[in-house]
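Everything below concerns the one structure shown next.
The values are calculated or read from the model by the stated rules, or taken from the named source; none is laboratory data. Predicted model only: the values in this text are computed from it and were never measured. With ideal geometry, Cβ positions are generated from the backbone for all residues, glycine too; neighbour counts draw on all protein chains shown. Note: areas computed on protein heavy atoms with side chains; ligands, DNA, RNA excluded. Shrake-Rupley method; radii C 1.70, N 1.55, O 1.52, S 1.80 Å.
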Amino acid sequence: MTVDPSLPKAILQCQACLSQHDPSQPIWRCPCGGLLDVEMEPRFPWPAMQVRPPGLWRYREALPVYGQPVSLGEPQTPLLEVTDAPFQLLLKVDYLFPSGSFKDRGATVLLTKVKELGLSAVLEDSSGNAGAAIAAYAARAGISATIYVPASAPPAKIAPIQLYGANLVRVPGSRSDTSQVAWQEAQGTYYASHVWNPFFVEGTKTIAFEIWDQLGQQVPDWVIAPVGHGTLLLGLYRGFRHLLAAGLIQRLPRIVGVQASACSPLVQAFQRNLGQLPELHPEETQADGIAISHPVRWQQILRAVTETAGTMVAVTEVEIRQALLYWAGRGLLMEPTSAVALAALVDLWEAGTVRPSDRIVVPITGAGAKTAGRYLDTTTGP
Ligand SMILES: *Cc1c(COP(=O)(O)O)cnc(C)c1O
Ligand SMILES: [Zn+2]
């Protein structure tokens with residue numbers, strides 16, 4: 001295809017052996033087995049960008065894809081000011097995406113890439129929002145999607161994937177068993193994995209561009225994000241790095257990654273400076289979207305947190321529940337996986353880590369309707 005010369009050139013680079021690969025080929029990992037990242041020089045031609053409709057496709061020159069966007073009408077999500085917090089608190093309401101979570105940022109860019117590659121089928125594994133996002137955008141693109149899910153995943157989470165028309169494959173066993181089976185199957189096809197495929201994080205990085213845009217081209221002091229595989233955290237880091245490299249901001253925000261204590265490999269590796277992931281015996285958590293015991297990109301995640309002078313925080317099940325109920329009572333119904341970040345903010349405030357003059361952005365990652373039933377109190381009411 002002919003590439004618009006205003007769009008950035010990109011190359012895929014392996015994190016392990018540093019070899020480079022042509023992104024016009026359908027490759028999702030290095031032949032050596034390593035993870036790939038997109039290397040590119042993003043551009044921000046602001047006069048052209050600012051007259052486009054708000055939303056993530058406004059930043060085209062900073063995205064390494066060239067085809068017509070596979071879009072479901074992604075909004076520029078609100079940056080909602082919380083006026084009664086003891087610091088400046090802004091909630092980035094990313095649950096307003098078409099399939100109900102920030103994962104649509106990754107899916108719209110990844111499926112645009114898949115379409116550009118001329119592929120007719122993709123494969124993904126996920127118990128929830130990533131599967132729904134890939135299924136929705138594949139449906140929009142007319143591309144067939146096969147989504148591997150744990151057989152134990154709750155119907156409310158997998159029903160949307162089926163309704164979007166994806167082939168659901170239920171895998172007995174744990175979440176990692178599902179990833180294992182999908183990973184095997186993906187060897188001969190294109191793996192639209194939000195974890196492995198570098199074009200997914202190319203999409204999630206747009207959250208940083210929007211925050212910067214909505215703050216009048218400024219950077220917040222802190223961004224606090226739930227972390228499982230790290231596609232949100234790495235997207236934030238990458239997006240702000242791009243803005244820094246382009247000279248549009250002078251410093252990075254401090255990035256805080258939050259996990260549930262019940263499954264907190266990254267928090268443990270960070271706090272105890274382990275240099276590897278601990279062997280875990282994860283317990284059940286309400287925050288099922290981030291219950292990942294072996295995040296593949298763990299080194300990148302810890303590097304991003306360290307480099308921005310951020311930190312990693314674990315929160316308890318009681319704290320998660322309290323945060324979810326508190327914010328629902330203020331009109332924001334989110335998933336428990338999203339509430340972990342707001343629970344951590346309470347701890348950071350009480351510890352004196354965040355100060356009254358700080359400006360803090362918390363992405364609200366997923367909508368609460370699918371999980372609200374777990375919190376229904378049947379002891380009161382008519
Ligand atoms: C996927 C997800 C996260 C965390 O994303 P990772 O990329 O796994 O770190 C947070 N919140 C919700 C609602 C999610 O679906
Ligand atoms: Zn390699």
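Would you confirm, using the coordinates I've provided, whether Ala85 is more than 20 Å from Gly289 (Cα to Cα), more than 19 Å from the chain's Cα centre (by Cα) and not β-branched (Val, Ile, Thr)? Steps first, answer last, please.
Working: more than 20 Å from Gly289 (Cα to Cα): yes; more than 19 Å from the chain's Cα centre (by Cα): yes; not β-branched (Val, Ile, Thr): yes.
Yes, satisfied.
Given the residues Leu110, Leu123, Leu91, which is the only one that is part of a strand (DSSP E or B), within 16 Å of ligand 1 (Cβ to nearest atom) and out of contact with any Cys (no Cβ under 9 Å at 6 or more places or on another chain)?
On inspection, the qualifying residue turns out to be Leu91.
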Tally up the residues in segment 190-245 that are within 13 Å of ligand 1 (Cβ to nearest atom), under 24 Å from Ile147 (Cβ atoms) and in a helix (DSSP H, G or I), please. 10
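Just name the residue that is farthest from ligand 1 (Cβ to nearest atom) out of those in segment 77-88 that are assigned to a loop (DSSP other than H, G, I, E, B) and crowded, with 16+ Cβ neighbours inside 10 Å. Can you show your working first?
Step one: filter segment 77-88 for residues assigned to a loop (DSSP other than H, G, I, E, B), giving 77-78, 83-87.
Now drop any that are not crowded, with 16+ Cβ neighbours inside 10 Å, which leaves 77, 87.
Numbers: Thr77: 13, Phe87: 23 Å.
So, considering only residues that are assigned to a loop (DSSP other than H, G, I, E, B) and crowded, with 16+ Cβ neighbours inside 10 Å, the one farthest from ligand 1 (Cβ to nearest atom) is Phe87.
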Qualifying residue in segment 38-47 (condition: out of contact with any Lys or Arg (no Cβ under 6 Å at 6 or more places or on another chain), closer than 30 Å to Tyr191 by Cβ, within 16 Å of ligand 2 (Cβ to nearest atom) and of a type in the set (Val, Ile, Thr)): yes
Since Ser101 meets every condition but one in (1) away from ligand 1 (no atom under 16 Å from the Cβ); (2) modelled with pLDDT of 95 or more, which condition does it not meet? (1)
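Considering only residues of segment 5-31 that are over 25 Å from Trp183 (Cβ atoms) and exposed (fewer than 12 other Cβ atoms within 10 Å of the Cβ), which is nearest to ligand 1 (Cβ to nearest atom)? So that I can check it myself, show each step before the final result.
Step one: of segment 5-31, the residues over 25 Å from Trp183 (Cβ atoms) are 5-9.
In the following step, the residues that additionally are exposed (fewer than 12 other Cβ atoms within 10 Å of the Cβ) were identified as 5-6, 9.
Numbers: Pro5: 33, Ser6: 30, Lys9: 27 Å.
If we take residues in segment 5-31 being over 25 Å from Trp183 (Cβ atoms) and exposed (fewer than 12 other Cβ atoms within 10 Å of the Cβ), then Lys9 is nearest to ligand 1 (Cβ to nearest atom).
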Checking Gly34 against (1) surrounded by 17 or more Cβ atoms within 10 Å (Cβ to Cβ); (2) in a loop (DSSP other than H, G, I, E, B); (3) modelled with pLDDT of 95 or more, the condition it does not meet: (1)
Per the list (1) farther than 30 Å from Ile360 by Cβ; (2) touching a residue at least 24 places away in the same chain (Cβ under 8 Å); (3) more than 16 Å from ligand 2 (Cβ to nearest atom), residue check on Leu63 breaks on (1)
Across segment 196-217, what is the total count of residues that are among the aliphatic types (A, V, I, L, M), touching a residue at least 40 places away in the same chain (Cβ under 8 Å) and crowded, with 23+ Cβ neighbours inside 10 Å? 3
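Tell me whether segment 137-147 contains one or more residues that are at pLDDT 95 or above, open to solvent by 20 Å² or more (accessible area, probe 1.4 Å), in a helix (DSSP H, G or I) and more than 28 Å from Arg359 (Cα to Cα). So that I can check it myself, show each step before the final result.
Step one: filter segment 137-147 for residues at pLDDT 95 or above, giving 137-147.
Imposing the further condition that a residue be open to solvent by 20 Å² or more (accessible area, probe 1.4 Å) reduces the set to 139-140, 142, 144, 146.
When the remaining residues are screened for being in a helix (DSSP H, G or I), the result is 139-140.
Imposing the further condition that a residue be more than 28 Å from Arg359 (Cα to Cα) reduces the set to 139-140.
So far as segment 137-147 goes, yes, one or more of its residues are at pLDDT 95 or above, open to solvent by 20 Å² or more (accessible area, probe 1.4 Å), in a helix (DSSP H, G or I) and more than 28 Å from Arg359 (Cα to Cα).
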Between residues in segment 24-51 that are in contact (Cβ under 8 Å) with a residue 24 or more places away in the chain and residues that are among the charged types (D, E, K, R) and within 15 Å of ligand 2 (Cβ to nearest atom), which pairs lie under 6 Å by C-beta distance while being six or more apart or on different chains? Leu36/Arg29
Suppose we filter segment 265-292 for residues that are polar (S, T, N, Q), touching a Pro at 6+ places or on another chain (Cβ under 9 Å) and part of a loop (DSSP other than H, G, I, E, B); how many remain? 2
